[in-house]
1. Please note which strands (runs of 3 or more DSSP E) are completely contained in the stretch 231-290 and include at least 1 residues that are under 14 Å from the mean Cα position of the chain (by Cα) and closer than 28 Å to residue 93 by Cβ.
2. Output the residues belonging to the stretch 265-283 that are among the hydrophobic types (A, V, I, L, M, F, W, C) and under 18 Å from residue 246 (Cα atoms).
3. Restricting the search to the stretch 246-261, which residues are away from the ligand (no atom under 14 Å from the Cβ) and in contact with a helix residue (DSSP H, G or I) (Cβ under 9 Å, 6 or more places away or on another chain)?
4. Report yes if some residue within the stretch 143-157 is within 21 Å of residue 253 (Cα to Cα), in a strand (DSSP E or B) and not basic (Lys, Arg); otherwise report no.
5. Is one or more of the residues making up the stretch 163-186 at pLDDT below 95 and of a type in the set (A, V, I, L, M)?
6. Can residue 272 be described as touching a Phe, Trp or Tyr at 6+ places or on another chain (Cβ under 7 Å), crowded, with 20+ Cβ neighbours inside 10 Å and under 20 Å from residue 183 (Cα atoms)?
7. Out of (1) in contact (Cβ under 8 Å) with a residue 40 or more places away in the chain; (2) within 20 Å of residue 236 (Cβ to Cβ); (3) not in a strand (DSSP E or B), the odd one out for residue 294 is which?
8. Being part of a helix (DSSP H, G or I) and free of Cβ contacts under 8 Å to residues at least 60 places away in the same chain is the filter here, so list the residues in the stretch 210-223 that pass it.
Amino acid sequence: MHINLVVRKTFTYTERDVALYALGVGACLKDALDDKELKYVYHPDHAHQQSIQVLPTFAALFCHGVSSEIGQLPSFSYDPRLLLHGQQYIEIYKPLPSSACIQNVASISGLHDKGKATVLEIEILSYERESGELICMNRMAVFLRGLGGFSNSAQPYSYSKHPVNQTSSTRLPKSPPFAVFEECTQPSQALLYRLSGDYNPLHSDPRIAEIAGFSRPILHGLCTLGFAVRAVIKCICGGDQNRIKSISARFLLHVYPGETLITEMWLDGQRVLYQVKVKERSRAVLSGFVDLNLLNSSL
Ligand SMILES: CCC/C=C/C(=O)SCCNC(=O)CCNC(=O)[C@H](O)C(C)(C)COP(=O)([O-])OP(=O)([O-])OC[C@H]1O[C@@H](n2cnc3c(N)ncnc32)[C@H](O)[C@@H]1OP(=O)([O-])[O-]
């Protein structure tokens, strides 16, 4: 069965949004002089048309607005306070410009009855409006707690129009990681990250967080992902963000702002397998893989 539903929406951003996002995912958090990260928040030569660089995970912001419009349709009525971000898959086709007007085209790419929950997958194709060029693709899986059990439990409903290996959970090697990067998030991290466009009160309002089952507001999944991919860029890509070709992530457990993230990375050819753990609770919170462009790629 194909669920034929398409939402189109434009997203315009400037260098200020790019810098604010970078700060939200921890760029220069440890060191404001970091020469591998300052380029995401500042460029000395702005007057000469030079511009700041864009983290590849900025592409995930193109989902804002489009996904909530799809999720608000009557056939998917659910309690938005119980929604959790389950997975994210991003393909980058060219380096993201430092400012642009993006035309997003979103459609439902998967729907799965998990009994206690429904997993809704939304695919967003993003075109640069001026050139018409496709610059990236996002596929997000939203875990709708309390909305499952709508199909025969002996044969639960499951529809997907993409290969499952792009988003399923990642099997990590038993060997010690190739690289490990540790970084502490700030207690105000979610309050800063939300200014990039995800204003869900789960991340800022203690009362809503409690209704959702958490002792306090939790960090946006995409913020944790931003920290993880920055770790890969720093430790594996020598600081070159344009080596990131695609990113796959599964959110395993919530993160509280202020917790310490430990990103472990393993190399498998052009693929980096990674896992993020919260140091204070010794729990894995995120895992997935990042595929890299070859060093001599034309990017
Ligand atoms: C969206 C925009 C708004 C943003 C909000 C945020 O940032 S929120 C902050 C960021 N997000 C977070 O903090 C969320 C962190 N993650 C969690 O809290 C938990 O992983 C969970 C509640 C999502 C699921 O836990 P659980 O114990 O209830 O689940 P289980 O292990 O019993 O499996 C049941 C079935 O579901 C499958 N499945 C499992 N996990 C996922 C997944 N992630 N994804 C997709 N599917 C998943 C699993 O394969 C199984 O299917 P199968 O194999 O039977 O066909």
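The values are calculated or read from the model by the stated rules, or taken from the named source; none is laboratory data. Only a predicted model underlies this, so the values are computations on that prediction, with no experimental measurement involved. A quick note on method: Cβ atoms are made from the backbone with ideal geometry, for glycine too, and the neighbour counts reach across all protein chains shown.
1. The qualifying strands (runs of 3 or more DSSP E) are 244-251, 271-278.
2. 265, 266, 267, 272, 273, 276
3. 246, 247, 258
4. First, pick out the residues of the stretch 143-157 that are within 21 Å of residue 253 (Cα to Cα): 143-148.
Okay, now just the ones that are also in a strand (DSSP E or B), so 143-145.
Narrowing further to those that are not basic (Lys, Arg): 143-144.
Yes: the stretch 143-157 contains one or more residues that are within 21 Å of residue 253 (Cα to Cα), in a strand (DSSP E or B) and not basic (Lys, Arg).
5. Looking for residues that are at pLDDT below 95 and of a type in the set (A, V, I, L, M), one finds at least one in the stretch 163-186, hence yes.
6. Against the criterion (touching a Phe, Trp or Tyr at 6+ places or on another chain (Cβ under 7 Å), crowded, with 20+ Cβ neighbours inside 10 Å and under 20 Å from residue 183 (Cα atoms)), residue 272 qualifies.
7. Unmet condition: (1).
8. Passing the criteria: only 210.
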